[in-house]
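S.K.: Before I ask anything, let me first share the structure, which is written out below as structure tokens.
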Amino acid sequence: QVQLVESGGGLVQAGDSLRLSCTISRGTFNVGGVGWFRQAPGKERVFVAALNWRSSATRYADSVNGRFTISKDNAKTTVFLQMNSLKPEDTAVYYCAVGELEGILASPSRYAYWGQGTQVTVSS
């Protein structure tokens, strides 16, 4: 049974930073990649960042490249999303997801398990 629990969201001002965490309980599931996605009210869920579990290679959406950083801890139980220079347009519910396919994948359909999401609100 795979369980993902996100934390670290909150209300911040534009220009502030937040670090989201995704704690992964993966049992025997073989994680190939981890992704962060976000969904704003009335909009579809979109790709934010992805990490290759084995190589730690990363990929970012153009809208966050240079401001956000995805990483994992050495114990491989937690994945982080460091978000700097936050903007009001970053306001959304943020979800982490894991998939068996190895890679840095941007499509939500490539991920098998999802967390419940954490709200990030950036005020101007």
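The values are calculated or read from the model by the stated rules, or taken from the named source; none is laboratory data. As the structure is a computational prediction, the values presented were derived from the model and not from experiment. We place every Cβ from the backbone using ideal geometry, glycine too, and count neighbours over all the protein chains shown. Areas reflect the complete protein model, heavy atoms only, side chains present, ligands, DNA and RNA absent. Shrake-Rupley method; radii C 1.70, N 1.55, O 1.52, S 1.80 Å.
S.K.: Restricting attention to region 104-122, and to residues there that are touching a Leu at 6+ places or on another chain (Cβ under 7 Å) and hydroxyl-bearing (Ser, Thr, Tyr), which single residue is surrounded by the fewest Cβ atoms within 10 Å (Cβ to Cβ)?
M.R.: 121
S.K.: Inside region 35-50, can you point out the residues that are part of a strand (DSSP E or B) and either more than 9 Å from the chain's Cα centre (by Cα) or more than 19 Å from residue 77 (Cα to Cα) (or both)?
M.R.: 38, 39, 46, 47, 48, listed by residue number.
S.K.: Identify the residue in region 71-105 that is of a type in the set (Val, Ile, Thr) and in a loop (DSSP other than H, G, I, E, B) and, among all such residues, is nearest to residue 50 (Cα to Cα).
M.R.: 104
S.K.: What's the total number of residues in region 79-103 that are open to solvent by 20 Å² or more (accessible area, probe 1.4 Å) and either of a type in the set (Phe, Trp, Tyr) or within 12 Å of the chain's Cα centre (by Cα) (or both)?
M.R.: So the answer is 4.
S.K.: Just the residues that are surrounded by fewer than 16 Cβ atoms within 10 Å (Cβ to Cβ) and basic (Lys, Arg), please, taken from region 62-78.
M.R.: If the condition is that a residue be surrounded by fewer than 16 Cβ atoms within 10 Å (Cβ to Cβ) and basic (Lys, Arg), then 67, 76 are the ones that fit.
S.K.: Another one. Within region 106-121, does at least one residue satisfy the condition of being touching a Gly at 6+ places or on another chain (Cβ under 9 Å), more than 24 Å from residue 25 (Cα to Cα) and either modelled with pLDDT of 95 or more or in a loop (DSSP other than H, G, I, E, B) (or both)?
M.R.: yes
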